There are 2 protein chains.
Amino acid sequence: MATVKGMTPASLHEIKAQIILANTYHLFIRPGHDLIKEFGGLHTYMAWDKPILTDSGGFQIFSLRDLAKITEEGAAFKSHLDGAKLFLSPEDAVEVQEALGSDIMMCLDTCIPHPATREEVIDATALTGRWARRSRDVQNRETGQLLFGIVQGGMHADLRAQAIDELVEIGFDGYALGGLSVGEPKELMMEMTEKTAAIMPQDYPIYLMGVGTPDDLVEGVFRGVDMFDCVMPTRNARNGMLFTSTGRLVIKNAQYQRDQRPVDESCSCYTCRNFSRAYLRHLYMSKEILSSMLNTIHNLHYYVGLMEDVRKAIEKDRFMQFRKEYYAKKEIV
Amino acid sequence: MATVKGMTPASLHEIKAQIILANTYHLFIRPGHDLIKEFGGLHTYMAWDKPILTDSGGFQIFSLRDLAKITEEGAAFKSHLDGAKLFLSPEDAVEVQEALGSDIMMCLDTCIPHPATREEVIDATALTGRWARRSRDVQNRETGQLLFGIVQGGMHADLRAQAIDELVEIGFDGYALGGLSVGEPKELMMEMTEKTAAIMPQDYPIYLMGVGTPDDLVEGVFRGVDMFDCVMPTRNARNGMLFTSTGRLVIKNAQYQRDQRPVDESCSCYTCRNFSRAYLRHLYMSKEILSSMLNTIHNLHYYVGLMEDVRKAIEKDRFMQFRKEYYAKKEIV
C-alpha cells in the first residue's frame, strides 16, 4: 500500500509511468489519511511527483462484503487487519481522498455482485447516484483535485444509460465504468463496455475500472475507453507470468532453464536489456525478491508501452490497423 | 542466489558497490555451474560487470554439518533442496569457481566449530592446508582468476601461525581469516584477528570472512584487515534494522510512526533522499517488497560509505583519528 509493489518511484519513472493508483481503503486503515495529510499528502509521503488516482474504497469494501453493511448513509465494515468497526460515507470518502491529495478522486459507489436481480441492481445503482451527488456537493473545489463519477447498472444497458444521465446532470470531471470484471463472461463485459462507453460524455475521460489483460486494453480502447487500472501486470509478475508482444510466458517452465534470450526480444526494458529467461527462471525458482522486481519492471513496461502505442496509433488515425497488427504478432508461445 | 538480495545491478552501481560475493554452494546446487558456464560465467548470467568473489562452498557445507561428511578426499553432503547426495573436493571447488568465472576464488576449507578440542583443530587445519595445496595445483593460472588461501587454526594463535606458514609456502593471491565469527565471544574473535593478521603477508589482501557489524569493520581494519563480507547489511535490512552514523534504528518501532525525518540525516542514499522513517515503517508493517528494497539500499550505502571513509582516512594517515570520530558519533538512538 502506498507503493507500486516491487517498484521504486525511480523505476516507475524509468518505465515512463504517468499515473499510479492508490487504494483509499488500505490507506484509510493503515497508516491513516490523517497521518498522510501531515506529510502534505500521498505525493510527498511516497515520493511520487506525478499524478495519483485514488479509488473510493468501495471496491475493497465490496470484496469484503461479508464484513460490510451498506445503508443509505454509507458503508459499515470491519478492518481486515484487526476487525475494528469502521464506517465510510460518501462524504468521508471525499474527505479521505482530499487528505491524501490525489489528483483524481473517485466517488464512493456500491458495487453490485454478478449475478444480481434487476431489483437489486436498480436499488444499488440509485444509491450510487445519490452518493455521487453527496460526493460532488461536499467536495472542496479549490484543491484542484478532479472527481470522477462511477456508472453502475449491472449488466443492464438501460440501467447504465439512466445512471449516466444522473451523473452527467450532477457533472463530473470524468466518468468510470464500475461493476464490470466482477465474474461475468468476458463477452458480456465487452458488450456492456461498448454499449455504455458509446453513450458516455465523449469530451471527458472514460475509465474502465479494474481491467485488464493486454487484449482487454486494446478491446476497451476499441470500444471507447481512455483509462484502465489493474493489478494484473504487477501481480502476475510476482507469480512469474510475463507479458510479451507475442503472448504470455510462464517463467518457471523448464523450457526456459537454459534459454539465453531476453523475455521479449523486441522489448527495451531494463530487465530485457540485461537478463535472460534462464536467469529470471532461476530467480523465480529461488524465490528471490529480485524476481518480483525484474518481472514487475518488464510487465509494467509492456503495459505502459502498449498504451503508448495505442495513443500514437489513434493520433495517426490508424488504430484499426494497429489492432490488426497487435493480434497478428500474437502466437502460442 | 546469484543476486544481492533486493538489489538490481543498477542499484548496486548507484551505491558504488565495487565487488559482490556469490555462494559457490548455492550455485553448485541451483542452477549448476555448467549452466552458468554456458552463459560465459556469472558476470554475464547476473549482469554484473564488476568483480565477483566466490566462496568455496565450505562454509555452507559446515553450516549443514549433520548432512556432511568430511574425508581426506573432500566433503560428501546432501543437497538442502532435495536431499541428493553430492560431493565436493578441493579440485571440484576450483573447477566450479572457474566455471563461474569469479575474479577471486577461495580454497575449499574445513571449518571448525567452536568450541573444539586442540586435536580437532590440529587435524582440520592440517587438512585445510593439504586441500589448499591441491587447490593451487589444479588451478588454471591462465584465466586471470585469483585464488585466496584460508587460514584456519581455531582459537589457537600458534596453530594459526603454522597455517599461515604453510599457505605462504604454497603462495596465494590473498589470504583469508576463516573460522572466526562462529559463535566465539567478540573479544576472542578480535584477539584472534589481531594476532593472526599481524603475521599474515602484509603485501597481500587480508580478508576476514563473514564479518560483521560496522564496529567490527572499523576494529578489523584497526587490526590489519583489508576485506570483509557479511549478510548483515542486507539481511538486517529485510528485518527492518537500519544502520546509521549514530547507531542502529529498528524501523518498526512505534516512535517512527509520524517521523518525517530520513533514516539518517547525514546520508545521501536514494532512500534517505526520498523517504521518511514513517513511510519506511509503514512499508515494513505492510510487508511490502519495497521495504526490503529501500532498507537494503540504505544499509549497503552505509557499509560501502563506511569503508570508503576508512580508505580515505588511511590514505591521509589519519585512521586513528577517524576511529575516534566514528565512535564519538554513536549514541543510543
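The values are calculated or read from the model by the stated rules, or taken from the named source; none is laboratory data. Just so it is clear, the model here is predicted, and its values are computed rather than measured. All Cβ positions, glycine included, derive from the backbone under ideal geometry; neighbour counts span all protein chains shown. The protein model used for the area step is the full one, side chains on, heavy atoms only, and it has no ligands, DNA or RNA in it. Shrake-Rupley method; radii C 1.70, N 1.55, O 1.52, S 1.80 Å.
Converting phi to 3J(HN,Hα) with the Karplus coefficients 6.51, -1.76 and 1.60 and the offset θ = phi - 60°, region B:296-311 yields 5, 3, 5, 5, 5, 4, 5, 5, 5, x, 4, 5, 5, 4, 4, 4 Hz in sequence order, with x at every glycine or proline.
Just how many % of Cα pairs in region A:20-69 lie over 14 Å apart, if you round to the nearest whole percent? Intermediate results must be reported in sequence, preceding the final value.
On the way: 673 of 1225 pairs.
Value for region A:20-69 (Cα pairs over 14 Å): 55 percent.
Per the accessible-area calculation with a 1.4 Å probe, the total area buried between chain A and chain B rounds to 3400 Å². Restricting attention to chain A, close to 40% of DSSP beta bridges with both partner residues there are antiparallel. Among the listed pairs B:252/B:330; A:287/B:78; A:50/A:186; B:5/B:312; A:195/A:330, those whose Cα-Cα separation exceeds 23 Å are A:50/A:186; B:5/B:312; A:195/A:330. Each principal axis of the Cα cloud of chain B was taken in turn, and the coordinate range along them, longest first, works out to 59, 44, 37 Å.
Each copy carries a label point for residue A:328 at 7 Å from Cα toward Cβ; from one copy, the others' points are 7.3 nm away, ordered from shortest. Net charge of the neighbourhood of residue B:87, taken over other residues with C-beta under 10 Å away and scored Lys/Arg +1, Asp/Glu -1, is 0. Our note on the geometry: Cα centres of region B:291-319 and region A:239-292, 33 Å apart. For chain B, a Gaussian network of Cα nodes joined below 10 Å ranks B:41, B:224, B:83 by mean-square fluctuation, and the top entry is B:83.
Annotation: amide H-H contacts under 5 Å for residue A:248 (H modelled 1.01 Å from N, sequence separation of 5 or more, or interchain): A:333. Positive contributions from Lys and Arg (+1) and negative ones from Asp and Glu (-1), summed over other residues with Cβ under 13 Å from the Cβ of residue A:301, come out at -2. The alpha-carbon atoms of region B:121-277, seen along their principal axes, cover 59, 38, 24 angstrom, with the largest extent given first.
List the relative contact order of chain B as a percent without decimals, with contacts defined as Cα pairs under 8 Å and 6+ residues apart.
About 12 percent, as a whole number.
Rolling a 1.4 Å probe across all protein chains gives residue A:267 an accessible area of roughly 30 Å². Within the protein assembly as shown, antiparallel bridges make up roughly 40 percent of the DSSP beta bridges whose residues both belong there.
Summarise the partner chain shielding of A:286-295 as one whole number: the mean count of Cβ atoms from other chains within 10 Å of each residue's Cβ. List each step's numbers first, then the result.
Working: counts 7, 0, 6, 10, 11, 1, 4, 9, 3, 0.
Counting Cβ atoms of other protein chains within 10 Å of each residue's Cβ and averaging gives 5.
Backbone phi angles across region B:17-26, fed through the Karplus curve with coefficients 6.51, -1.76 and 1.60 (θ = phi - 60°), yield HN-Hα couplings of 5, 9, 7, 10, 10, 10, 8, 4, 4, 5 Hz in residue order; Gly and Pro are listed as x.
Averaged over its residues, region A:30-128 has an accessible area of 43 Å² per residue, based on protein heavy atoms and a 1.4 Å probe.
Mean projection of the Cα convex hull over all viewing directions, computed for region A:53-125: 5.3 nm². Starting from the label point of residue B:165 at 7 Å along Cα→Cβ, the same points in the other copies fall at 10.2 nm, in ascending order.
Rounded to two decimals, what ratio of Rg to Rh does the protein assembly as shown give with C-alpha atoms and a Kirkwood Rh?
Working: Rg = 29.7 Å, Rh = 28.1 Å.
With Rh from the inverse mean 1/r over Cα pairs, Rg/Rh is 1.06.
DSSP loop GluC sites (Glu not before Pro) in region A:224-311 with at most 16 other Cβ atoms within 10 Å of their Cβ, which ones? Mind showing how you got there, number by number?
Values: sites: A:265, A:288, A:308; in loops: A:265, A:288.
Answer by residue number: A:265.
The share of C-alpha pairs in region B:184-333 whose separation exceeds 25 Å stands at 34 percent. Accessible surface calculations at 1.4 Å, restricted to protein heavy atoms, place region B:173-327 at 42 Å² per residue. At the residue level, residue B:5 shows approximately 70 square angstrom of accessible surface with a 1.4 angstrom probe and all protein chains present.
Once neighbouring chains are kept in place and the probe is 1.4 Å, which whole percent of the accessible area of chain B is contributed by carbon and sulfur? All intermediate terms of the calculation are to be shown ahead of the outcome.
Values: 7360 of 14430 Å².
Carbon and sulfur together cover 51 percent of it.
With θ taken as phi - 60° and the Karplus curve 6.51 cos²θ - 1.76 cosθ + 1.60 applied, the whole-hertz 3J(HN,Hα) list for region B:261-278 is 6, x, 3, 9, 5, 9, 9, 10, 6, 3, 5, 6, 6, 10, 10, 8, 4, 4 Hz, x standing for glycine and proline. Comment: the Cα-to-Cβ extended label point of residue A:81, at 7 Å, lies 3.8 nm from its counterparts in the other copies, nearest first. Here the scattering of region B:1-135 is modelled by Debye summation over its C-alpha atoms, one equal scatterer each and no solvent; at q = 0.09, 0.16 Å⁻¹ the log10 of I(q)/I(0) is -0.29, -0.83. With helices as the sole contributors, chain B gives -14000 deg cm²/dmol at 222 nm; each DSSP H run of n ≥ 4 counts as -39500 (n - 2.57), and the sum is divided by every residue. Distance from the C-alpha centroid of region B:37-96 to that of region A:98-117: 54 Å, rounded to the whole angstrom.
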